[in-house]
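**Q** If you scroll down you'll find the structure; I have some questions about it.
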Amino acid sequence: MRSPAFNPIITDREDGRFMHTDIFMKHYYKTHRPRLEYKSGMSREEFDAWREKVKEKLCEILRFPDDVPPQPEPKMLWEEAREGYRIQKWEAFPEPYAVIPFLVLIPDGIDAEHPAPTVLCSPGTWHSKEALCDEPDLYCERELTFPEHNRMAIHYVKEGYIAVVCDHLTFGELKASDCGSPSDAVAVQMASVGRNLMGLTAFYQLCVLGWIEKNPLVDKDNIVISGHSLGKYVCMFVGLLSDSVKGIVYNSPIYDTRVRLYSAPASYLWSNCYNHLIPDCEYWFTPADILCAYAPKALIITEGGETADIEKIKDAYATLGASDAFEFHYHKAFDSPEKRPYENKPAPECVGDAEYNLYTNIAENAHYFKEDLALPWVNKLCGKE
């Protein structure tokens, strides 16, 4: 039996209206243009004004907590030696009653006299901070994918970077106490009081970033954030809202979230997981629009994606005279024009993931941290070549 998710966006009414609410919403997603969508041809002054509007609206919809009173400084719980580096366990206190644990990997030879570039790492779905550090994973409830690649913090510390890793809310050590991780129940509870998990995760990581900025071991001119999959959202938000971030490693395909909803609706909106949900986000902008606003700071996209979105971001960087600051890589399955026969064609409506992926150049079963692309790029950015 055909899934209702694949009902086409059509109506048999003469007035062109939709009786079924779900089909009406698919049509809305198909025709709605985000109110703060990036538009080519802006002057530098227009671009700067537009960016400020995006930042202001992003802060509004992420629902950061208001009027947080002074909180205790982060404290270190323990430190242990590893081969070639040491690992520390810290806790930060971003708002009353809340705690955010994080791990810090510091290469041997780093001290206040010899500070190091630093990478704030954001895991993908289900991956804990321990998984990224190749530490015993006490909190994950399922087998992780591509562990040899997704040990992001290990890749960075072995390259000479301080690596700092936080869990996403409701994942890892922060998983819900009664219903596992991810917890849609917690996401709904947050939405009911005007908050959301992605926004709060970004706020908490901005607090950790504040600690990084004050750490005497850190080279303050070379702070990078690196996110895989779910972590890409936090990277976008933190990167846009923080002046100290020098570059973003966006380790995920880039695509228009509105298009994905009506093109591959069986598995999406927000991956059928309320942890991803940010109320009002698609009304105002898509991920590509946020990355356009992040320009002209350094950005690498390591898993390609929808060519139209990549071209949009390229245009934003060109507008600011910063084309060299943006680098992107398609997966090898799509790394030449002849391998992308659908890129100038609109994605079809109401199909499965496999067909949608062909139109958006997303490689199946190849979604993992691309250290072979990220490390050389970060080395060049931080002057370590």
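**Q** Could you give every pair whose Cβ atoms fall below 7 Å, whose first residue belongs to the range 26-45 and is basic (Lys, Arg), and whose second residue is part of a loop (DSSP other than H, G, I, E, B) and surrounded by 11 or more Cβ atoms within 10 Å (Cβ to Cβ), counting only separations of at least 6 or pairs across chains?
**A** Cβ pairs passing all conditions: 26/9; 30/9; 44/320.
**Q** Only one residue in 318, 298, 288, 264 is more than 21 Å from residue 383 (Cα to Cα), at pLDDT 95 or above and buried (at least 22 other Cβ atoms within 10 Å of the Cβ), so which one is that?
**A** The match here is 288.
**Q** Just give me the residues in the range 97-126 being acidic (Asp, Glu) and touching a strand residue (DSSP E or B) at 6+ places or on another chain (Cβ under 7 Å), in sequence order.
**A** Within the range 97-126, just 108 meets the criteria.
**Q** Still on this structure: With part of a helix (DSSP H, G or I), in contact with a strand residue (DSSP E or B) (Cβ under 9 Å, 6 or more places away or on another chain), of a type outside the set (Val, Ile, Thr) and modelled with pLDDT of 95 or more as the only criterion, which of 247, 239 stands out?
**A** Only one candidate qualifies: 239.
**Q** Just checking, how many residues over the range 75-123 are part of a loop (DSSP other than H, G, I, E, B), touching a helix residue (DSSP H, G or I) at 6+ places or on another chain (Cβ under 6 Å) and more than 22 Å from residue 381 (Cα to Cα)?
**A** Final tally of qualifying residues: 1.
**Q** How about the range 354-367: which of its residues are surrounded by fewer than 18 Cβ atoms within 10 Å (Cβ to Cβ) and either among the hydroxyl-bearing types (Ser, Thr, Tyr) or within 19 Å of residue 228 (Cβ to Cβ) (or both)?
**A** Selection gives 363, 364, 365, 366.
**Q** Please state which of the following conditions residue 351 fails to meet, knowing it meets all the rest: (1) under 19 Å from residue 6 (Cβ atoms); (2) without any contact (Cβ under 8 Å) to a residue 12 or more places away in the chain.
**A** Answer for residue 351: the failing condition is (2).
**Q** Of (1) under 16 Å from residue 117 (Cβ atoms); (2) buried (at least 23 other Cβ atoms within 10 Å of the Cβ); (3) not aromatic (Phe, Trp, Tyr), residue 221 satisfies all except one. Which?
**A** It is condition (2) that residue 221 fails.
**Q** Here is a follow-up. Condition test on residue 97, is it on the phi > 0 side of the Ramachandran plot, hydroxyl-bearing (Ser, Thr, Tyr) and modelled with pLDDT of 95 or more?
**A** Yes; evaluated as a whole, the condition is true for this residue.
**Q** In addition: Given the residues 312, 370, 339, 345, which is the only one that is buried (at least 19 other Cβ atoms within 10 Å of the Cβ) and farther than 26 Å from residue 155 by Cβ?
**A** On inspection, the qualifying residue turns out to be 312.
**Q** A further question follows. Considering the range 150-193 alone, what residues qualify as being farther than 17 Å from residue 379 by Cα, in a helix (DSSP H, G or I), in contact with a strand residue (DSSP E or B) (Cβ under 8 Å, 6 or more places away or on another chain) and of a type in the set (Gly, Ala, Ser)?
**A** Result: 185, 187.
**Q** Do we find that residue 139 is closer than 30 Å to residue 62 by Cα, touching a strand residue (DSSP E or B) at 6+ places or on another chain (Cβ under 7 Å) and surrounded by fewer than 18 Cβ atoms within 10 Å (Cβ to Cβ) in this structure?
**A** For residue 139, the condition - closer than 30 Å to residue 62 by Cα, touching a strand residue (DSSP E or B) at 6+ places or on another chain (Cβ under 7 Å) and surrounded by fewer than 18 Cβ atoms within 10 Å (Cβ to Cβ) - is met.
**Q** Another question, if that's okay. With (1) more than 26 Å from residue 220 (Cβ to Cβ); (2) modelled with pLDDT of 95 or more as the list, and residue 255 as the residue in question, which single condition is left unmet?
**A** (2) is the only condition that residue 255 fails.
**Q** Are there any pairs, at least 6 apart or on different chains, whose C-beta atoms fall under 6 Å, with the first in the range 205-216 and assigned to a loop (DSSP other than H, G, I, E, B) and the second surrounded by fewer than 20 Cβ atoms within 10 Å (Cβ to Cβ), and if so, which?
**A** So the pair list comes out as 216/112.
The values are calculated or read from the model by the stated rules, or taken from the named source; none is laboratory data. Everything numeric here is computed off the predicted structure, so don't read it as measured data. A quick note on method: Cβ atoms are made from the backbone with ideal geometry, for glycine too, and the neighbour counts reach across all protein chains shown.
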